[in-house]
Amino acid sequence: MVRALPIMLFFAALALHTVLAFYMEITVPEPLDNPLHAPLGEVIYAPAVWMFPAPSFRYAAMLVINGAIVSLIPPIAYKIAEKLKVANIWQRLLAAIAAGICPVVIADTKFIGTQALCFLFPCLIVLIMLNAAQAKGTVSRYFLTILLSLTIAAAVLADGRMIALALSSIAAVTLIRLCYKKQSISLFTFIVSLGVFVVLFEILTLRYQVPQSGMVRLLGYAELPSSLLEISQYLYSFAVSTWGLGVLGLCLFVKSVSRSSNDVIIKLFAAFVVFSIILSMGTGNAQSTMPLVLIMTVCGIALYGINLRDILTAIIVLGMIFTVFFTLSIGKAVDTQIVTVSAVFSLMSLFIVFVCCTERYKLRIVLGAVGLISLYFCIYTCAILLPAERNAAIHRNAPAYEVSELIYNSADAPPVVAPEEIAGLLQFLNREADIRTDVGQLENYFLISDDYKVSIVGERAIMYAASQQEQ
């Protein structure tokens with residue numbers, strides 16, 4: 001029964017995401033050449049494109065694929081907790097459930113894009129890294145090291161912003177080797193194989209002329225924050241997205257690493273999480289680390305317990321983050337943020353009450369509170385946020401559906417020039433049509449104005465429209 005728990009977690013998560021997939025309205029990213037549609041991101045949606053010509057079913061199938069990808073997070077989280085030597089099964093389950101029903105994971109995977117892969121790869125990389133560090137045989141260690149390099153290169157191929165994971169892995173392994181004199185994995189083999197795989201994937205994408213290929217795509221999002229305000233916004237988002245639990249988990253693991261523990265697995269895990277959070281903020285993809293942060297928080301509480309000093313340390317760090325953020329945001333509307341900050345501090349205050357008033361059962365009560373909070377935000381996301389987004393999408397898509405009836409879904413038809421806000425959706429609804437957002441050098445085309453009226457430009461386009469009407 002215990003061995004089947006990861007499989008049961010996968011199918012439970014898949015059922016939830018499948019129900020939500022058929023509920024959502026079509027939402028297509030803009031512009032048409034969205035950089036998130038990297039080569040691997042396009043490949044995962046290929047079955048849905050081939051099998052379902054109807055737009056609504058095709059979109060639902062794409063979201064089911066997203067759901068299947070992120071449904072792997074709970075079993076992976078369970079295995080990570082096991083590798084970190086979390087003894088109790090219910091604590092491993094809590095780590096898996098908290099990561100799997102993270103509101104960011106549920107909400108951000110109900111749209112077309114590579115965000116599902118962005119959530120999966122950090123957890124998968126951690127699991128492979130921990131297995132490689134614990135491998136006893138030389139052959140097994142080298143094999144897992146090369147597999148780790150291949151996985152990281154695939155992550156970068158899926159989304160250029162995940163270059164942060166490659167840098168975080170190198171930094172974590174190097175730190176453990178230099179500071180603690182511990183050989184977690186073969187550093188030389190890891191760096192060389194990672195470089196080979198990244199270069200090989202780039203050559204393949206350039207060879208087959210895949211859109212958004214090349215090093216420009218890989219590093220396109222790797223821009224450091226341009227101001228202190230932007231840095232404070234990233235830190236604020238990290239703090240409130242995990243309801244303050246992420247900061248609490250970081251404090252627990254930093255405390256554990258500072259101890260004289262010889263467990264290289266704990267140190268490697270903590271180093272990777274810290275580096276991935278920092279570097280992902282620089283690439284604008286900090287949300288992808290949220291499941292990993294929740295795993296870290298639950299495992300940190302389970303492994304090291306929690307006391308009043310830990311909570312007060314987290315409150316001080318949160319206070320510093322929020323103070324800098326609100327100081328730099330003077331003159332801007334921050335009413336909603338103030339309410340959110342109040343909720344975070346209320347949660348920390350509740351933890352103080354639990355720790356001070358219940359010595360014997362404080363660990364169970366605190367972890368139970370984490371589970372209830374995760375469940376509440378999951379229900380809130382499914383019952384409030386996603387229905388609101390669906391209603392907004394229906395209203396937003398209405399013009400595109402009307403215009404779609406007036407254009408020709410055929411490869412031999414003249415191009416259609418449409419406003420950028422509906423061009424992506426028109427292309428999704430009419431996948432054979434040539435939809436563009438710029439006239440350029442075109443002489444014959446169908447033009448959709450800003451008020452969604454269709455006009456015909458050019459003699460050939462007029463003749464084509466006339467021939468279609470005769471048929």
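Quick note: the coordinates plus some simple rules give every number you see, no bench work behind them. Remember, predicted model here, so these are calculated numbers, not experimental data. As a convention, Cβ positions derive from the backbone with ideal geometry for all residues, glycine included, and neighbour counts pool all protein chains shown.
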Relative exposure of K362, K110, K453, judged by other C-beta atoms within 10 Å (fewest first):
K453, K362, K110
How long is the gain from I7 to Q337 if the chain were fully straight, where each residue apart is worth 0.36 nm and the alpha carbon distance is subtracted?
114.9 nm
On full extension of the chain, what length is gained from E25 through L372, given 0.36 nm per residue of separation minus the C-alpha to C-alpha distance?
122.0 nm
Cubic angstrom per residue, convex hull over Cα atoms of the range 405-470:
78 Å³
Nearest 0.05, what FRET efficiency do S410 and L147 give at R0 = 51 Å with Cβ-Cβ as r?
0.65
What does the highest-first list of 313-320, 289-296 look like by mean Cβ count within 10 Å?
289-296, 313-320
Describe numerically, in nm with one decimal, the distance between label points set 7 Å from Cα along Cα→Cβ at K136 and at A388.
5.4 nm
Can you tell me the length gained on complete extension of the stretch N88 to S455, counting 0.36 nm per residue apart and subtracting the Cα distance?
125.4 nm
Can you tally the net charge around I384? Count Lys and Arg as +1, Asp and Glu as -1, for every other residue whose Cβ sits under 15 Å from the Cβ of I384.
+1
Could you compute the net charge surrounding P6? Neighbours are other residues with a C-beta less than 10 Å from the C-beta of P6; K and R count +1, D and E count -1.
+2
Where labels lie 7 Å past Cα in the beta-carbon direction, separation of R360 and V192 in nm:
5.9 nm
May I ask which residue of L350, T289, G300 lies farthest towards the positive end of the charge dipole of the range 264-369, with charges of +1 (Lys, Arg) and -1 (Asp, Glu) on Cβ and the Cα centre as origin?
G300
Run the simple label-point estimate for T323 and E432 please: 7 Å along Cα→C-beta, distance reported in nm.
6.5 nm
Given K85/K362; K85/K110; K136/K255, which pairs have Cα atoms separated by over 23 Å?
K85/K110; K136/K255
Binned Cα-Cα distances of the range 93-146, short to long, each 10 Å bin given as a whole percent:
22, 36, 25, 16, 1
